[in-house]
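Only one structure is covered here, and it is reproduced in the block below.
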Amino acid sequence: MPPMGSPQSRVVVLRRAIVLAGVALAGACAPPRVSELPPESASAGSGEGAERGIPASDIAWRGILGERHDHPSIMYSLMGRGYFAARTARDIDRVIEEWLRAHPEARVIPVAIVEDVSPPARRFRMTYVWVAQGEDNLNLHLVRRGCCPAETMASSMERIEVPRVEFNEFLRNAGRAEEQAKSEKVGIWAAAR
């Protein structure tokens, strides 16, 4: 793997992203209806369990994707579906960078893992993650700022790595964040004036 940040490493990331686009397009259809999820009392995506995972600072982020230099076979994504097919705000990269700078103790929590996104060899996998520090969650922040719709925070995978109660509460929070972004007409919702 070329050194992180080099033009060669960007090419590797771009190649992986193109492979992921095929997986993403398959997962971009039929988002779950957040309003139909059963109510639960858990407080998910709000920082509960933020001690889990790895430090977000260990990952070199390039927009919604990141990778660790010591684990180049794993790509981390801030979106669970839609990836490159999803509508995103122009300033999403800046919003991510600013949030990460303001949250130096943030942790990356694996939510769902896509194995074998580079068939036939098992060289590469993608992991949908939440990034949280205390009560703050980067994924929800992106939705609240209108950087992406709430449906991108759902997982296209059947098996998720976090408790279902926590995942459902997170999706409800994402739905509320999207409603806030729409009412404030920010990001991708700005044109809806």
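Observations on the model:
- Failed item, numbered, when Ala174 is tested on (1) under 19 Å from Ile64 (Cβ atoms); (2) at pLDDT below 95; (3) in a helix (DSSP H, G or I): (2)
- Restricting attention to the stretch 110-126, the residues that are buried (at least 18 other Cβ atoms within 10 Å of the Cβ) and either over 16 Å from His71 (Cβ atoms) or modelled with pLDDT of 90 or more (or both) add up to 2.
- Any hit, the stretch 145-157, residues being surrounded by fewer than 20 Cβ atoms within 10 Å (Cβ to Cβ), touching a residue at least 24 places away in the same chain (Cβ under 8 Å) and in contact with an Asp or Glu (Cβ under 9 Å, 6 or more places away or on another chain): no
- Candidate set: the stretch 86-103, residues that are assigned to a loop (DSSP other than H, G, I, E, B) and exposed (fewer than 15 other Cβ atoms within 10 Å of the Cβ); chosen: the one nearest to the chain's Cα centre (by Cα): Arg87
- The requirement of being of a type in the set (A, V, I, L, M), within 20 Å of Arg144 (Cα to Cα), assigned to a loop (DSSP other than H, G, I, E, B) and modelled with pLDDT under 90 is not satisfied by Ala42.
- Some residue of the stretch 84-100 being farther than 16 Å from Gly187 by Cα, out of contact with any Cys (no Cβ under 7 Å at 6 or more places or on another chain) and modelled with pLDDT under 90: yes
- Pairing residues of the stretch 88-114 that are touching a residue at least 60 places away in the same chain (Cβ under 8 Å) with residues that are polar (S, T, N, Q), at Cβ distances under 8 Å and at least 6 apart in sequence or on separate chains, gives Val114/Thr127.
- Flag for Met75 being in a loop (DSSP other than H, G, I, E, B), within 13 Å of Val129 (Cβ to Cβ) and either modelled with pLDDT of 85 or more or touching a helix residue (DSSP H, G or I) at 6+ places or on another chain (Cβ under 7 Å) (or both): no
The values are calculated or read from the model by the stated rules, or taken from the named source; none is laboratory data. This one's a predicted model, so the numbers in the text were calculated from it and none came from an experiment. Glycine also receives a Cβ, built like all others from the backbone with ideal geometry; neighbour counts cover every protein chain displayed.
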